[in-house]
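First comes the structure, then the notes that go with it.
Computed from the coordinates by the stated procedures, all read-outs in this text should not be read as laboratory data. Treat the numbers as computed from the prediction; the structure is a model and nothing was measured. All Cβ positions, glycine included, derive from the backbone under ideal geometry; neighbour counts span all protein chains shown.
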């Protein structure tokens, strides 16, 4: 065999030169479009795909979906029935009339219902941590938060939102409000901001389950318990509790503060008037803090080894 000349001091290629000659070409860097893909975009795509899968599974049994949605609607409606029974004996509660409390109730039900519909499955995280099934989500090429939030997406939870809308329509038709442009703008802002606040509570509660592992009831105390609290006016609660849900866990921005502006009522804790419009900003801030808590909790997770 003819020797390959022209390389090396003796007319032969050295071992290093031979390896370099047969080594594969370097892998090119990823395209800028792929390299710049953001994790939020990946999370939204994963959430949409998983939720769509569960939605198609639900729609395969239409009669079952209709019955469970109606059952969810009826179960949540019992809360307002209890308020109606209460007002059959009294004319006002904490200085608020029935239509005004219905206004609080409708806003809370819509905000919480939207959050529950979107990520209500977060309370199942503790079960996954205990039995080790969270490991299957960690190896998938999708953000874990999106997978947990979309897991078992249940459209039947829309019944709570529908019930809240009906109660809100009843409230708006039962009392006189001098509608101005800021008040009209505040209505959708407070519902979206309230939904963001409840979403943050769901995520923060799930992050706590990384440590407690069996804390779904603790999480429910702040989610379902919080929405029950906000269905009643702040004037019936102790001042310390009102401070807690304003400055510590800012549930008051879901409806107490915005509703006070719409109804022309004194603000809880004599806060300035502009706090009624702070719900979206508070919601964004709460979501950022909840996301940080989620990352800390996820990094602290240790597999069960099973």
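Using a simple spin-label model with points 7 Å from Cα along the Cα→Cβ vector, what separation in nm is obtained for residue 174 and residue 228?
2.1
Averaging sequence separations of C-alpha pairs under 8 Å and six or more residues apart, then dividing by the length of the stretch 190-306, give the relative contact order as a whole percent.
This gives 46 percent for the stretch 190-306.
For n ≥ 4 DSSP H runs only, could you compute -39500 (n - 2.57) per run for the chain, divide by its residues and tell me the 222 nm figure to the nearest 500?
-20500 deg cm²/dmol, from helical runs alone.
Which three semi-axes in whole Å describe the equivalent ellipsoid of the stretch 39-299, each the square root of 5 times a Cα gyration tensor eigenvalue, listed largest first? Numbers along the way, then the final one.
Values: eigenvalues 211, 93, 56 Å².
Each semi-axis is √(5λ); the values are 33, 22, 17 Å.
Can you tell me how much longer the chain between residue 54 and residue 140 gets when fully stretched, taken as 0.36 nm per residue apart minus their C-alpha distance, in nm with one decimal? Write down the numbers at each step before the final one.
Numbers: separation 86, 0.36 × 86 = 30.96 nm, distance 1.77 nm.
Extending this stretch completely gives an extra 29.2 nm.
Can you give me the Cα centroid spacing of the stretch 127-206 and the stretch 248-293 in angstrom?
16
Would you report the distance distribution of C-alpha pairs in the stretch 147-193 as whole percents per 10 angstrom bin, up to the bin with the largest distance?
Taking every Cα pair in the stretch 147-193, the percentages come to 20, 39, 25, 14, 3.
Given a cut-off of under 8 Å on Cα pairs at least six residues apart, what relative contact order in percent is computed for the stretch 39-299?
Taking the mean separation of contacting Cα pairs over the length of the stretch 39-299, I get 27 percent.
Would you order 273, 54 from fewest to most other beta-carbon atoms within 10 Å of each residue's own beta-carbon?
Values: 273 10, 54 16.
Ordered by Cβ neighbours within 10 Å, fewest first: 273, 54.
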